[in-house]
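J.: My questions will all concern the structure given below.
The values are calculated or read from the model by the stated rules, or taken from the named source; none is laboratory data. Computed from a predicted structure; not experimentally measured. Using ideal geometry, Cβ is built from the backbone for each residue, glycine included, and neighbour counts are taken over all protein chains shown. Heavy atoms of the whole protein, side chains included, go into the accessibility calculation; ligands, DNA and RNA do not. Shrake-Rupley method; radii C 1.70, N 1.55, O 1.52, S 1.80 Å.
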Amino acid sequence: MKLKSMTLHQVSIPLVTPFETSFMRETEKDCYLVEATFDTPKGEITGWGESVAMISPLYSSEYVASGIDVTKRWLAPILFGIDDLTAETVSWHLRHVIGHPMAKSAIEMAVIEAQLKLNDQSFKDYLGGVVDSVPSGVSVGIQDSVEETVRVIGGYLEEGYARIKLKIKPGKDIAPIAAVRKAFGDDFGFQVDANAAYTLVDASHLRRLDEYGLLLIEQPLGEADIRQHSELAKLMETPMCLDESIVSAEAAADAISMGAAAVINIKPGRVGGFIEAKKIHDLSAAHGVAVWHGGMVETGLGRAANAALASLPGFTLPGDISGSNRFFHEDITEEIVMYDGKVDVPTGVGFGVSIDPAKLERFRTDSVELLPQG
Ligand code: OSB
Ligand code: MG
């Protein structure tokens, strides 16, 4: 395939309710989509990708505008020069550009989708997925009060979600967790995510979480603190799970060998793409480390692709792959539906969903078309 043009569409989609983490409170989903058109043996084919970078550099160093900028100046120009571009070689061609995994992943997604369309294949079949549906967990933001936390989680349990993940931060941890266990008992999967809000000096405080039978604690310490997570893991019974720290297969290998991660959250965008993400799945499985699929409040496009990856056999814990209606009144693709605590793995060609042009038009705040130079 040869890249002919690439359009970056920035979108802003209202959230059904504000989503608050230890690092920010969001009321809209702001991201950009990559629409890439290729010359192929079957004529022109267009593939779509989605960047998981957030509007501000608070979860990772990348953000929406940095992704658009690096794609425009550096990444797209490299790919315009390649005659036989394949999904499997995108990350190789882009390897000299340091960092920017989310920007690279969004482009790789578009190449993957075009290649799947060329080969008339679903993403699930391409990856080797083994199940038709995946258990659906929900990520619950930090609420204004303990009562509100209990009410909101009660609603998601009622809807049938397979597992609850609650965001925590210093001062909003023990009390809401204890109240949720008191209200709903020990019979449901419950885990917490600190998004790097603590330091190792909080170890004795964090140990108190061991009382609540949590499935895991996700990323209590900083992105660069793999060794410190291994120290904390020795002090806690709650299984340690890393998100932000796992930026590549190499980082996953380090975390596993240092005892910093009993469980790994896999997010393709954070590690530079779905192909790198699959490597992490394979290497974790080889070490007997459980993985689950993380989420970045994706639109239906990213959500559909995530469900396909999560259909691999090593994903033994429910992922943050909720129904579209958890975040959006209206998604930009067909709605991803949660039923009986699960979400179907799309079986259509490509990612099995398509961007609705009218909705794209409505949610789009900006777009830029990139073409080969000269
Ligand atoms: O840490 O998992 C995280 C959303 C944005 C940034 C970071 C995280 C999250 C979530 C949302 O927890 C998960 C989802 O998409 O359901
Ligand atoms: Mg997380």
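J.: Name the single residue that is least open to solvent (accessible area, probe 1.4 Å) among those in the range 293-305 being touching a Leu at 6+ places or on another chain (Cβ under 8 Å) and within 16 Å of ligand 2 (Cβ to nearest atom).
T.: Narrowing the range 293-305 to residues touching a Leu at 6+ places or on another chain (Cβ under 8 Å): 293, 297, 299, 301.
Those left that are additionally within 16 Å of ligand 2 (Cβ to nearest atom): 293, 297.
On the way: H293: 2, V297: 18 Å².
Among those that are touching a Leu at 6+ places or on another chain (Cβ under 8 Å) and within 16 Å of ligand 2 (Cβ to nearest atom), it is H293.
J.: If you don't mind, there's one more thing I want to ask. Within the range 248-292, track down each residue that is in contact (Cβ under 8 Å) with a residue 60 or more places away in the chain and either on the phi > 0 side of the Ramachandran plot or surrounded by fewer than 18 Cβ atoms within 10 Å (Cβ to Cβ) (or both).
T.: Pass one, the range 248-292, residues in contact (Cβ under 8 Å) with a residue 60 or more places away in the chain: 248, 267-276, 278, 292.
Once the filter is applied, which keeps residues that are in contact (Cβ under 8 Å) with a residue 60 or more places away in the chain and either on the phi > 0 side of the Ramachandran plot or surrounded by fewer than 18 Cβ atoms within 10 Å (Cβ to Cβ) (or both), the range 248-292 yields S248, G272, G273.
J.: Out of the range 13-24, which residues are touching a residue at least 40 places away in the same chain (Cβ under 8 Å) and within 18 Å of the chain's Cα centre (by Cα)?
T.: Once the filter is applied, which keeps residues that are touching a residue at least 40 places away in the same chain (Cβ under 8 Å) and within 18 Å of the chain's Cα centre (by Cα), the range 13-24 yields I13, L15, F19, E20, T21, S22, F23.
J.: Further, regarding this structure: Among the numbered criteria (1) open to solvent by 10 Å² or more (accessible area, probe 1.4 Å); (2) polar (S, T, N, Q); (3) within 16 Å of ligand 2 (Cβ to nearest atom), which single criterion is violated by N325?
T.: (3)
J.: Please enumerate the residues belonging to the range 217-243 that are among the acidic types (D, E), part of a loop (DSSP other than H, G, I, E, B) and surrounded by fewer than 16 Cβ atoms within 10 Å (Cβ to Cβ). I'd like the intermediate steps shown before the answer.
T.: Taking the range 217-243 and keeping what is among the acidic types (D, E), we get 218, 223, 225, 231, 237, 243.
Retained after the next criterion (residues that are part of a loop (DSSP other than H, G, I, E, B)): 223, 225, 237, 243.
Within the range 217-243, just E237 meets the criteria.
J.: Ok, one more. Pairs, please: C-beta under 6 Å, at least 6 apart or cross-chain, first residue under 27 Å from M24 (Cβ atoms) and in the range 182-204, second open to solvent by 50 Å² or more (accessible area, probe 1.4 Å) and not in a loop (DSSP other than H, G, I, E, B)?
T.: Sorted first by the residue in the range 182-204, then by its partner, the pairs are A197/K169; L200/Q228; A203/L235.
J.: Which numbered condition trips up D243, out of (1) of a type in the set (D, E); (2) under 24 Å from I107 (Cα atoms); (3) away from ligand 1 (no atom under 16 Å from the Cβ)?
T.: Of everything listed in (1) of a type in the set (D, E); (2) under 24 Å from I107 (Cα atoms); (3) away from ligand 1 (no atom under 16 Å from the Cβ), D243 misses just condition (3).
J.: Still on this structure: Can you list the helices (runs of 4 or more DSSP H) lying wholly within the range 53-105 that have 1 or more residues being more than 16 Å from ligand 1 (Cβ to nearest atom), in contact with a Cys (Cβ under 8 Å, 6 or more places away or on another chain) and open to solvent by less than 20 Å² (accessible area, probe 1.4 Å)? Steps first, answer last, please.
T.: Values: elements: 64-70, 76-80, 90-93.
Where helices (runs of 4 or more DSSP H) fall fully within the range 53-105, none carries at least 1 residues being more than 16 Å from ligand 1 (Cβ to nearest atom), in contact with a Cys (Cβ under 8 Å, 6 or more places away or on another chain) and open to solvent by less than 20 Å² (accessible area, probe 1.4 Å).
J.: Do we have any residue at all in the range 9-23 that's open to solvent by 10 Å² or more (accessible area, probe 1.4 Å), of a type in the set (D, E) and under 22 Å from D366 (Cα atoms)?
T.: So far as the range 9-23 goes, no, none of its residues is open to solvent by 10 Å² or more (accessible area, probe 1.4 Å), of a type in the set (D, E) and under 22 Å from D366 (Cα atoms).
J.: On the basis of being aliphatic (A, V, I, L, M) and more than 25 Å from K278 (Cα to Cα), does V152 make the cut?
T.: Details: aliphatic (A, V, I, L, M): yes; more than 25 Å from K278 (Cα to Cα): yes.
The answer is yes for V152.
J.: Out of all the residues in the range 207-216, which are in contact with an Asp or Glu (Cβ under 8 Å, 6 or more places away or on another chain) and open to solvent by less than 20 Å² (accessible area, probe 1.4 Å)?
T.: Residue satisfying the conditions is L209 alone.
J.: Which residues, counting only those in the range 255-292, are more than 24 Å from P18 (Cβ to Cβ) and within 14 Å of ligand 1 (Cβ to nearest atom)? Outline the logic, then answer.
T.: Quick first cut of the range 255-292, residues more than 24 Å from P18 (Cβ to Cβ) only: 255-264, 266, 268, 271-292.
V263, I264, I266, P268, V271, V291, W292, listed by residue number.
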